[in-house]
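Have a look at the structure below, then the notes.
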Amino acid sequence: MLLQNKDENCSNVYSCSNLCRFPFYNVDFGWGKPERVGLPNGPFKNLFFLKDYKIGGGVDARVMLQKQHMSEFERDEELLELIS
């Protein structure tokens with residue numbers, strides 16, 4: 001999405017894409033189903049990707065934040081209680 005004439009109040013936009021239950025692991029291009037599926041790395045800002053983790057029924061999260069915000073995110077007490 002391209003924002004033209006964006007307002008200064010719109011500078012802190014965070015996006016989340018939930019790909020859980022998307023059948024990544026059922027895709028077969030002729031050499032078998034994938035053992036691991038990765039999420040994109042790129043010049044994204046304030047973006048969260050979630051997808052199923054094949055082993056153990058967990059969720060794989062790719063979090064892309066600016067350094068300052070990532071540092072705060074990693075120290076968040078509520079988040080630390082949820083992850084292992």
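Every number in this text was worked out from the coordinates using simple rules, so none of it is lab data. Every value quoted in this text rests on a predicted model; they were computed, and no experiment measured them. FYI the Cβ positions are ideal-geometry reconstructions off the backbone, even for glycines, and counts take in every protein chain you see.
For the chain, a crude dipole built from +1 on the beta carbon of Lys and Arg and -1 on the beta carbon of Asp and Glu, taken about the Cα centre, is about 440 debye to the nearest 20.
Inter-label distance, F44 to C16: 1.4 nm, where each label sits 7 Å from its Cα along the C-beta direction.
In order along the stretch 57-64, the Karplus-derived 3J(HN,Hα) couplings, from 6.51 cos²θ - 1.76 cosθ + 1.60 at θ = phi - 60°, round to x, x, 10, 9, 10, 10, 10, 10 Hz, and Gly and Pro are given as x. For the stretch 27-84, what class follows from the C-alpha gyration tensor (a ≥ b ≥ c being the square roots of its eigenvalues): rounded when a/c is under 1.5, otherwise prolate if a/b is larger than b/c, else oblate? Verdict is oblate for the stretch 27-84.
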